[in-house]
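The values are calculated or read from the model by the stated rules, or taken from the named source; none is laboratory data. What you are looking at is a predicted structure, and each value in this text was computed from that prediction instead of being measured. Here the Cβ positions follow ideal geometry from the backbone for every residue, glycine too, while neighbour counts run over all protein chains shown. Just the protein is used for accessible areas: all its heavy atoms, side chains included, with ligands, DNA and RNA removed. Shrake-Rupley method; radii C 1.70, N 1.55, O 1.52, S 1.80 Å.
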Amino acid sequence: MEQEKNYDFSLIEKKWQDKWLNGNDYYVDDMPIDSNKNKEKFYCLEMFPYPSGRIHMGHVRNYSIGDAIARFKGLKGYYVLHPIGFDSFGLPAENAAIKNKTNPKEWTYKNIETMEVQLKKLGLSYDWDRKIITSDSSYYKWEQLFFIQMFKKGLAYKKLSRVNWCESCHTTLANEQVENGKCWRCDNEITVKSMDQWFLKITDYAEELLAELDNLDGWPDKVKIMQKNWIGKSEGLSLFFKIDTASEKTDLELEIFTTRPDTIFGATYLAISPLHTLAKNLLKTENAKIKTEELIRKSLISKEITEKEGVFTGSYAINPFNMKKLPIYIANFVLMDYGTGAIMSVPAHDERDFEFAKKYNIEIIEVVSNQNDAAVSSNAFNNISGNNDYNHNVINNNYNNKSLNGEGSVKLANDSELISPFTGEGILINSSVFNGLISKEAKSAISLEAEKMGFGKRVTNYRLKDWGISRQRYWGCPIPIVYCEKCGAVPLNEKDLPLELPENVVFTGEGESPLARLDSFIDTCCPVCGGKAKRETDTMDTFVESSWYYAKYTSKSDNAFTESDFTNNSNGNSKCNNKNKDADKENIKFINNNSDNNSNINNSGSVVYRKYSNGCAYEINNNINNADPAYTIQSPFDKKAANYWLPVDQYIGGVEHAVMHLLYARFFVKVLRDLGYLNINEPFKNLLTQGMVVKNGAKMSKSKGNVVDPDDLINKYGSDTVRLFSLFAAPPEKDLEWNDKGVEGSYRFINKIYKIVMVYEKYLQNIEINNLKNLIVLNQNFFEKTDIELKEINNELNGIIKKSEAEMEERFHFNTIISSCMELVNKIYDYYRKQNNINIETIDTDDTIKTFKIEQTQKQKYEYESDKYLLKHIFNSILIILYPFIPHICSECFEILGSSINIESAGWPEIIATGYKIEACSIAVQINGKLRSQITANIDLEQQDILNLSLEDKKIKKYIDNISAIKKSIYIKNKLINIII
RNA sequence: GCGAAAGUGGCGGAAUUGGUAUACGCACUGGACUUAGAAUCCAGCGGAGUAAUCCAUGGGGGUUCAAGUCCCCCCUUUCGCACCA
């Protein structure tokens, strides 16, 4: 019953949603036509949802932000693309299927249906015609096409490697998907497993991915820093050490990587990873062998190290700079998958080396002196590096003469002297001819020397690893590869795509993916030789789908690709036929290649060789445009449309994707560019990362029992209220603390707007203000007699219009816009009260909506017609400003007040000058910087006048009895005066 | 350990360029209306103090006529990376 006194949101919201959807109000063309041609484009995108069942508060927040921006841009006259879809492959579907003994597809598509209804109830301005469901074969066939093309370019490859394994999800994970040694999805402990896996060669793009970060001005620094760290570029020196085993001299060499070549003379041992290929060869004692086995075993199960451990191999390496014999250790802290898996250890200048050396009692030699220690180093520095040009010949000669027994002058740091290593840069000591150089110079001098002498080379290393995309699960995009006994791993013919995911599978929840047991799927024939072959049964990581969906949105339909183009959709039945002709058309030619080199891919030329374990290698022509002439190159998007809309102008989503999705998508855009599909370098021009929605300080989750279901709130208060609160309670980048009482506050505010609009409905209905500006131009004195209080309100409105526009374009602090609107609405209420000497109240009646009493009192109000014009302008403006946040109620109120156009086409409010001048202002009076009083003064007075006025003030008089005591005063015009005594 | 962000009433937060700290909202207190409650409306609301006044933007210094804002040191919290050589 109480609800009756409030506005009927369900009626109003339904009305507008129907209008928007039935009228295709948010439909956009691939390429703008007619009047839209003159508009500037704006592509607004929120990260699409995984259809987990129902939408949650995080979605509501994300989409409310996106919708606010999209609608604002529409008001500003942009041609706005605002699409939505579903990222529908993934594990939860499969887990649900196992639990319910159904097919994941059923579960997923049912969820999509539910969520679509929910999203529509929120009144979001999506072009639903562009909806993408990534588990539709019409979507993922393109992904398979990309995969094949990447494979042909060597950007997709299969490799036996140690990968992250999640036993609970029963699949492998990419490095980006491991958080603190745990699975990003289920929090299960990750183990290491050796498996044959498909990788995408993101490392080929490491340098570009890093360099382009500098151009992403519209991205938060936080995300850029995270990506930069993740890519982890470091420049250093690769050095080759000859191995000198105890008994015999060998030709074996050990390659190490260091970023501190300047400390080479301080190296006292080498350390290699237990998983290093040479590890076992170097072992000389039984004891070492046993210990090494243990280290290997430990490194195989986990990457976590609790304590540094190692064992001396019994072998030595020769430091090529001073011929010093260095013991080689196997050490658990040396990572196999970074650099070369071997390091030179300089305990005096590295924390880890130091800790290890202390534990195993290894010599420590200081070779870099802290620059503050000037007494020792300044002389040497002056002597040797008087000029910065490193003179090769001179130094080289010196070095040859001195190097063999440089130890004469070496200072050993014994235990008592050195408590901790000095890891900074400084001046070289104990380093033969390099003594006196500062670290920076020494790095390049020593590197150059190593290169010149042929025992080293400068290299750049990245922490970024190739993206492992194989998943041993069913509900994902099938990898379009078959394994032929003769030909090895062969991609499907492009025109046989899609390779559909079979639906006749059984879920047991045990062991491997159902695909791996489905013979009708596995058994097939080779697209090259027509012989027997087996399909790849791994599916792709779901992050592949989300790496390019934003590009697919730009075209409503596929580009010139129809079902009739498919021949022999090879799903399931595997009658082998002769497909050799197809192979020729694909320009794939097989060659015999018995070289052992099976991992290097030549990216510079157009021809790539790969060899598989069965000895069958083939040559691939990279020119993808050179396929079957009857079969034109296909694309999921119209290149023109893609290039028109992309990049995404504003992307909005959770910060948790900073190094997963957001890095993969950047990589994919570069690949698609290089494959000829797109001509952009970066997918997302501006990025807004929103915070989480939390309750009682914790992330909402079923296990914590603090989940708030948006649906309940929408039913209770309407979606405008829910949207408003999620934008008002915090700025978007911060976490949002959910507060049920706060939601009521937002509801109250919307009711307040509605009530005051109803009050003025009859009064303003027939006032048409669409050409208010013209009226003013024609009649300069239009507002001359207008109520001064209305002019005051308008003056404040002008400030809000300006401020809101700036916020909507840059900072997105919607909360501040909303609060100024609240203030203004409160002012209108005050105005009403003053004018009518009465409060706005409701009459108890069964009529629901229009029951607000309008009481005109004694004085005849609104004497002048211009009052109405100005008041209506104020109302319309505030409704337009709020429209991006609460579109239903604003549309409704705009309509109630009467207009020949609807709110969407009204445009962003204009600033109307009424000739209003603020006459007086309040000025703060400080004495010695402390606030002592406030005075009211005419505007724009000069300092002396303000000072005089201040001195007349009662409170100020108390402090200043004698004018001569004033030393000086500082005046900030119309704001503040500070009197110094 | 490294890197980043942040710390303002009981709470969410405002103060974009150094210029009246605590806007707006929530909660709370009192009042009006009501048989009563809900809703609505009005008023109050950083702390101490009867008051004058004093103290308050994590703590301590500094620059300045003036610091939440700038500089230095420290503390705490959150996030990211974590033996990356």
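With contacts taken as Cα pairs under 8 Å and at least 6 residues apart, the stretch A:1-136 reaches a relative contact order of 33 percent. Model label sites at residue A:203 and residue A:954, defined 7 Å from Cα along the beta-carbon direction, differ in position by 8.1 nm. Label point of residue A:105 set 7 angstrom out along Cα-Cβ; within the stretch A:469-490, amide nitrogens under 18 Å from it belong to A:473-480. So what does residue A:737 come to for accessible area, using a 1.4 Å probe and Å² rounded to 10? Probe radius 1.4 Å; accessible area of residue A:737 about 90 Å². With all pairs of separate Cα atoms included, the stretch A:169-231 yields a Kirkwood hydrodynamic radius of 14.0 Å. One decimal place: the segment residue A:293-residue A:810 gains 180.3 nm when fully extended, by the rule 0.36 nm per residue minus the C-alpha distance. Taking only alpha carbon atoms, the stretch A:702-820 gives an Rg to Rh ratio of 1.09, where Rh is the Kirkwood radius. For residue A:738, the amide hydrogen comes within under 5 Å of the amide hydrogens of A:694, A:695, A:696, counting only partners 5 or more places away or on other chains and with H modelled in the peptide plane.
Computed with a 1.4 Å probe over protein heavy atoms only, the accessible area of residue A:796 comes to about 70 Å².
Modelled this way, with points 7 Å down the Cα-to-C-beta line, the labels at residue A:905 and residue A:25 are 1.3 nm from one another. Compactness ratio for the stretch A:216-334: Cα radius of gyration over 2.2 N^0.38 Å (N = residue count) comes to 1.31. In this rough spin-label picture, where each label sits 7 Å from Cα along the Cβ direction, the residue A:674-residue A:453 distance is 3.7 nm. Using the Cα coordinates of the stretch A:285-366, the gyration tensor eigenvalues translate into equivalent-ellipsoid semi-axes of 21, 15, 13 Å, sorted from longest to shortest. Residue pairs exceeding 18 angstrom between C-alpha atoms, taken from A:791/A:872; A:827/A:868; A:284/A:324; A:201/A:233: A:284/A:324. For a Förster distance of 56 Å, can you work out the FRET efficiency between the beta-carbons of residue A:355 and residue A:167, rounded to the nearest 0.05? Efficiency at R0 = 56 Å is approximately 0.95. With N as its number of residues, the stretch A:733-790 has a Cα radius of gyration that, divided by 2.2 N^0.38 Å, comes to 1.84. Dividing the radius of gyration of the alpha carbons in the stretch A:1-92 by their Kirkwood radius gives 1.05 for Rg/Rh.
Dimensions of the stretch A:420-542 based on its C-alpha atoms, expressed as ranges along the principal axes with the largest first, amount to 74, 37, 23 Å.
A Förster distance of 22 Å, applied to the separation of the beta-carbon atoms of residue A:701 and residue A:221, puts the FRET efficiency at 0.15.
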